[in-house]
Each structure stands twice: as structure tokens, then as C-alpha cells.
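The values are calculated or read from the model by the stated rules, or taken from the named source; none is laboratory data. In this text the structure is predicted, and so the values were computed from the model without any measurement. Every residue, glycine as well, gets a Cβ built from its backbone with ideal geometry; the counts of neighbours run over all protein chains shown. Side chains included, ligands, DNA and RNA excluded: accessible areas come from the protein's heavy atoms. Shrake-Rupley method; radii C 1.70, N 1.55, O 1.52, S 1.80 Å.
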Amino acid sequence: MSAEQPPADADLARLFAPVAVEATFAGVLAEATGVLGQIDDPVDAELWGSDLIGALAASTAGQAALTRALTESLVPAAEAAAAPEALALLRVLAALGAPGLRAAAEQAAARVSARGVADPPWAAALGDPRTGDCWHYADVGGRHESLTMTFTYGNRPHTVSVLIDHARGGKIRDAWVAKGEGLRAETERAAHDDPVVVFETIDVADAGRRLARAVAAGECPEQPDQVDDVVAHRALLHARLALLLSAGTR
């Protein structure tokens, strides 16, 4: 199960994981320059940022330490750089980071913008796609469940999917993103032709509850590509979960 990747995607985990987070910031800004200036779809910026946060997490002792390092070191470094790629990076962190990081990145981005630095064209929409169709399918025994949620920026939809392993306590085994239309119909046709698969459309509130339970249960990737996928999409999953829960209460 492959994820849609932004252009010029570097192997961020290999590039940053072996060294302390505080020592990677020049590389992060260089990577931002090479990637964020070339994209035009907000979800590509989010995919890059989620991959970055996942890669940097390997160098810290837990989520709290990562958030502290990013908030106290990367955000000030990006603000001091005050360049378009630094502002783009701050916008991405504000969309995907944990609450403390989001607030710090938003405030820093506002100060950089006030100094006349131009935002990338995708910044205004970043982090606020429309929610759309949601569905899931599972084997008849209920051991594995694939949960998919649709989001749209403008007229460009993308789906966020997770593979949930109910034999492992409902943990997330894999995660991926796909861009384009027609995935629901394609999945429904394939499920209809498979007698051991059950397909069902669900509403946004139900999808949010299911994803929330899976996120709370934890992660259980087994294959190397699953490990990479789960790490790379973790921050994006959490951001999309917040959107689902918010939409489900309206």
C-alpha cells in the first residue's frame, strides 16, 4: 500500500534520524527550499511535513521531547531565517504539529509574514480541507479493517486510509494517502466481487470514532514498508482525526 509522495521527496528518515534534532535544522531548511517551493497542492506540503516530523521523531525520546525540540529550536530558527521557505515550513508545522508546536509556529509565521515575506500559494488552505465520503471494508472474520476518509482542497480530492489490525487490539498496521477521484467506486466494485470482504459506507462522525479508537490503540506495523508508512503519515493522521471529530460534532 503506497502513499502519494510530494515531488523531490528525500529519504528524510535516513537523512535526519542518526543525529540530534537540534543539529538538523540547516538540513530541514534546505529540504524545505527544495520541496515546498515546487508544489501547488496543500496535501503535498502536508505529506512532506508529516514525513519530516516522523523522521525527526526517531532522534528524540518521545512525543513530548520532539515537540519541545521543534518548538524551542526549529521554530525560532525558521523565524530568524525569515525566508519564503522558512515561512512555508512554519505554515506546515502550524497545520500538523502538536498543540504547543502549532501555536508557536502560527505566531512565528505571523511575525515573519508581517515582515513582508510572501506565503506560498497553498498556505491559505493548508490544514483545512473539506471532509467527504468515508467508508470501510473488512474480512468477514473481522480481523482486519481498512478505513478510508476523503478530503478535498478546492477540486482536488485525496483519501487518507489506515489498515486496522483487530487481532492486535485494533492498532494501526499501515497508513497511506491516495490522490484523485473514483477510489470509493473502485473499492466497492472490488469488494462486491470478493465473497470474504464486507464493504460499508459510513458517515464522518463514525469514521472519526473509528480512527480515534485506532489511534488510541497504538501502532503495529510489521513489514518495513508498513513501518515507513505509519511513521511518515502519523502527524497527518492526527491532523485529519481532529478535522473528522470537529466535523462530526457540527
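Taking only pairs six or more apart or across chains, which ones have beta-carbon atoms under 7 Å, a first residue in the stretch 29-47 that is open to solvent by less than 30 Å² (accessible area, probe 1.4 Å), and a second residue that is at pLDDT 90 or above and among the acidic types (Asp, Glu)? Cβ pairs passing all conditions: 32/85; 36/85.
List pairs: first in the stretch 178-193 and closer than 16 Å to residue 134 by Cβ, second open to solvent by 60 Å² or more (accessible area, probe 1.4 Å), Cβ under 7 Å, 6+ apart or cross-chain? Within 7 Å, the pairs are 178/4; 184/133; 187/137; 191/137.
Scanning the stretch 121-158 for residues that are β-branched (Val, Ile, Thr) and over 28 Å from residue 103 (Cβ atoms) yields a total of 3. The set of residues from the stretch 201-227 being buried (at least 19 other Cβ atoms within 10 Å of the Cβ) and charged (D, E, K, R) comprises 210, 219. Restricting attention to the stretch 150-169 and to residues that are under 23 Å from residue 216 (Cβ atoms), open to solvent by less than 20 Å² (accessible area, probe 1.4 Å) and in contact (Cβ under 8 Å) with a residue 40 or more places away in the chain, the residue that is nearest to the chain's Cα centre (by Cα) turns out to be 160.
Of everything in the stretch 170-194 that is surrounded by 12 or more Cβ atoms within 10 Å (Cβ to Cβ) and in a loop (DSSP other than H, G, I, E, B), the residue that is modelled with the highest pLDDT is 170.
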